[in-house]
Amino acid sequence: MRERSHELVGIFVNCGRMDKGLKGAKALKQYIAKALLEALGEREAESVAYGLLEDLFEIDRTAVLTDAPLELVEEEWDELWDAVEQLKKHVPLQHVTGVAPFFNRKFIVTPETLVPRPETEELVQLILEENQGDLFNVLDIGTGTGCIPITLDLEMPHCDAFAVDISEKALFVARRNAVYLDAAVEFEQMDVLKDALPFQQTFDVIVSNPPYICEREKADMHENVLKYDPHLALFVPDDAPLLFYKRIADLAMDHLNDGGKLYFEINEAYGKETKAMLEEKGFEEVRIVRDLNGKDRIVRAER
């Protein structure tokens, strides 16, 4: 290990220059966690330290627990130092490393895309459980990183996946993820509130995790979300909490096959309202599904 590397790690923990004893992944994880302790607290510092090593250098938990030898070059130590400094300033790990986990895969994320969340994994899992067998078409509206259609394409061999987003920058990221993960998804730009669908076919599944947070809810949100996630993907006017759901429901009525299914990730405060709206528009088998935290998180319906 180069001399400068030891100096950098010494800076991490504010305890001076490191000796030559820091040779393994376990020791490095411990020093990173200690460096982040004051900013993040013990539990989060431990979790972030593990995630940082895996995302930057593919040093996984097994390597840490077995204290595998380190093989980092000087440039990687510099990268690690920069990452720790950002994390100490409360920049989210996913924005520091540029990747986020989703369904046991890593997706590229940028400031133009919403970081995939565990609740959306539950949405995808429900779609997988309810749609097995024959070839079918799926459309994701407001795709962001592309995590939903890419995952469905990779998990279901008989799926043809399509996706739209208003942001060309988000679509650039989604296409990169599809190439990186070897998924076949057709992406197109679309303003869902104004434009017609750019695809000719009808669909067996339409899914969307649209903006659903009211402006008045900003005061209750974590600063990291407000500062680093794109507001275009988050917020709706206070007087129109179902703005996107109503429009997408109308599109679904026109573009779902008979018996086709519609899936929404929702604001927990508007589950009953979303369900009632879909029933009024003629959807059947409308059901609210709670997430692992017991909150109303998904509404599914059939045409």
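The values are calculated or read from the model by the stated rules, or taken from the named source; none is laboratory data. Computed from a prediction, not measured in an experiment: that's the story for all the values here. No Cβ is skipped: glycine too gets one built from the backbone with ideal geometry, and neighbour counts run over all protein chains shown.
Before we move on, is Leu126 surrounded by fewer than 21 Cβ atoms within 10 Å (Cβ to Cβ), assigned by TED's automatic domain parsing to the domain that holds Asn177, among the aliphatic types (A, V, I, L, M) and modelled with pLDDT of 95 or more? Yes; evaluated as a whole, the condition is true for this residue. If you take the residues of the range 225-271 that are closer than 13 Å to Tyr212 by Cα and among the acidic types (Asp, Glu), which of them is modelled with the highest pLDDT? That would be Glu265. Pairs linking a residue in the range 277-295 that is modelled with pLDDT of 95 or more and part of a strand (DSSP E or B) to a residue that is crowded, with 16+ Cβ neighbours inside 10 Å and among the β-branched types (Val, Ile, Thr), with Cβ atoms under 6 Å and 6 or more positions apart or on different chains, are Ile288/Val299; Val289/Ile298.
Residue-wise test of (1) modelled with pLDDT under 95; (2) part of a strand (DSSP E or B).
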| position | (1), (2) |
| --- | --- |
| Leu152 | no, no |
| Pro157 | yes, no |
| Val164 | no, yes |
| Ala183 | no, no |
| Phe187 | no, yes |
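Going through (1) in contact with a Phe, Trp or Tyr (Cβ under 7 Å, 6 or more places away or on another chain); (2) assigned to a helix (DSSP H, G or I); (3) without any contact (Cβ under 8 Å) to a residue 60 or more places away in the chain one by one, Ala100 falls short only on (2). Against the condition surrounded by 21 or more Cβ atoms within 10 Å (Cβ to Cβ), in a helix (DSSP H, G or I) and either of a type in the set (Gly, Ala, Ser) or assigned by TED's automatic domain parsing to the domain that holds Tyr212 (or both), how does Leu171 come out, does it pass? Taking the combined requirement at face value, the residue satisfies it. Restricting attention to the range 51-80, which residues are surrounded by fewer than 17 Cβ atoms within 10 Å (Cβ to Cβ) and of a type in the set (Gly, Ala, Ser)? Hit for the range 51-80 is Ala68, nothing else. The set of residues in the range 130-165 that are of a type outside the set (Asp, Glu), under 21 Å from Leu256 (Cα atoms) and touching a residue at least 60 places away in the same chain (Cβ under 8 Å) comprises Asn131, Phe136, Asn137, Val138, Leu139, Ile141, Gly142, Ile148.
Residues that are surrounded by fewer than 16 Cβ atoms within 10 Å (Cβ to Cβ), in contact with a strand residue (DSSP E or B) (Cβ under 6 Å, 6 or more places away or on another chain) and outside any loop (DSSP other than H, G, I, E, B): does the range 215-224 have at least one? Taking every residue of the range 215-224 in turn, at least one turns out to be surrounded by fewer than 16 Cβ atoms within 10 Å (Cβ to Cβ), in contact with a strand residue (DSSP E or B) (Cβ under 6 Å, 6 or more places away or on another chain) and outside any loop (DSSP other than H, G, I, E, B).
Of the residues Glu112, Glu121, the single one that is at pLDDT below 95, outside any strand (DSSP E or B) and closer than 23 Å to Phe244 by Cβ is Glu112. Across the range 259-275, the qualifying residues are those that are part of a helix (DSSP H, G or I) and not polar (S, T, N, Q), and the one among them that is surrounded by the fewest Cβ atoms within 10 Å (Cβ to Cβ) is Lys272.
Of the numbered criteria (1) part of a helix (DSSP H, G or I); (2) closer than 18 Å to Ala25 by Cα, the one Glu85 fails is (2).
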